[in-house]
Amino acid sequence: MDLYTFGTPNGHKISIALEELGLPYAVHRVDITKGEQFAPQFQTINPNGKIPALVDGDVVVFESIAILIYLAEKTGKLLPESGNARYATLAWCMFQASAIGPMMGQVGHFTLFAKEKIPYAIERYSNEVQRLFGVMETQLAQHRFLAGEVYSIADIATWPWLAAWVNFYKAPLDGEKFPSILRWFREIEARPAVQRGVKVP
């Protein structure tokens with residue numbers, strides 16, 4: 001398998017999954033700071049010009065959640081085959097893709113990268129991230145992992161964004177307000193495959 005990626009939360013989702021699954025893969029670094037994701041050669045793999053993307057023989061998959069589902073179904077691991085557990089896992093994956101990633105991304109943009117600091121935007125997106133943390137806290141207070149009692153692609157999808165929140169945005173997790181998130185975060189952080197995956201590329 002060939003993984004086209006960069007050191008972002010979305011990129012780390014896939015390298016962590018590959019490490020957890022023990023699958024062999026070659027890494028192709030796509031430097032998004034230099035616009036390499038817009039190169040014609042890469043856009044034949046992902047016409048949307050985003051990392052990550054995965055090529056597995058004749059199969060080409062882009063969008064990080066789609067790649068996670070593909071890898072889970074290929075191996076029969078990290079995603080239940082049927083029933084409520086499967087749909088809970090997929091729902092929490094979509095929660096990450098539609099809420100956690102975009103809202104944290106907006107906080108990052110307006111606090112770290114925007115040429116002009118816009119207090120309204122920073123407050124709006126920061127407040128929404130805190131609300132989403134509340135959703136996660138409620139779930140994780142009742143369950144060991146996001147989709148229930150079993151580690152899954154939902155956790156792999158979400159954890160790198162919280163790692164970026166802590167390590168890149170320099171916004172610590174409030175252990176008093178969100179003790180269950182902090183417990184979950186530290187448990188996943190300690191996994192050897194996660195530690196390997198975040199070093200890729």
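Numerical summary
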item: Checklist (1) out of contact with any helix residue (DSSP H, G or I) (no Cβ under 8 Å at 6 or more places or on another chain); (2) over 19 Å from residue 93 (Cβ atoms); (3) outside any helix (DSSP H, G or I) applied to residue 48, failing item; result: (2)
item: Tabulated pairs, the stretch 67-78, first modelled with pLDDT of 95 or more, second not in a helix (DSSP H, G or I), C-beta under 6 angstrom, 6+ apart or interchain; result: 67/54; 67/61; 70/61; 72/78; 72/79; 78/152
item: Any pair with Cβ under 7 angstrom, 6 or more apart, that starts in the stretch 175-188 at a residue that is of a type in the set (S, T, N, Q) and ends at one that is in a helix (DSSP H, G or I) and modelled with pLDDT of 95 or more; result: 180/137; 180/140; 180/141
item: Within the stretch 127-178, tally of residues that are of a type in the set (D, E, K, R) and under 17 Å from the mean Cα position of the chain (by Cα); result: 1
item: Failed item, numbered, when residue 152 is tested on (1) modelled with pLDDT under 95; (2) touching a strand residue (DSSP E or B) at 6+ places or on another chain (Cβ under 9 Å); result: (1)
item: Enumeration of residues in the stretch 104-118 that are buried (at least 17 other Cβ atoms within 10 Å of the Cβ) and either hydrophobic (A, V, I, L, M, F, W, C) or in a loop (DSSP other than H, G, I, E, B) (or both); result: 104, 107, 110
item: Any chance residue 54 is outside any helix (DSSP H, G or I) and surrounded by 17 or more Cβ atoms within 10 Å (Cβ to Cβ); result: yes
item: Lone qualifier among 129, 200, 194 - being surrounded by 15 or more Cβ atoms within 10 Å (Cβ to Cβ), among the aliphatic types (A, V, I, L, M) and assigned to a loop (DSSP other than H, G, I, E, B); result: 200
item: Count of the stretch 24-45 residues which are among the aromatic types (Phe, Trp, Tyr), under 21 Å from residue 101 (Cβ atoms) and not in a helix (DSSP H, G or I); result: 0
item: Selection status of residue 99, in a helix (DSSP H, G or I) and in contact (Cβ under 8 Å) with a residue 40 or more places away in the chain; result: no
item: Test result for residue 187, within 29 Å of residue 79 (Cα to Cα), touching a Ser or Thr at 6+ places or on another chain (Cβ under 7 Å) and part of a helix (DSSP H, G or I); result: no
item: Cβ-Cβ under 6 Å pairs, at least 6 apart or on other chains, the stretch 121-143 side over 15 Å from residue 165 (Cβ atoms) and at pLDDT 95 or above, far side among the aliphatic types (A, V, I, L, M) and surrounded by 17 or more Cβ atoms within 10 Å (Cβ to Cβ); result: 140/181
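The values are calculated or read from the model by the stated rules, or taken from the named source; none is laboratory data. Remember, it's a predicted structure, so these values are computed and weren't measured experimentally. Ideal geometry is used to build each Cβ from the backbone, glycine not excepted, and the neighbour counts take in all protein chains shown.
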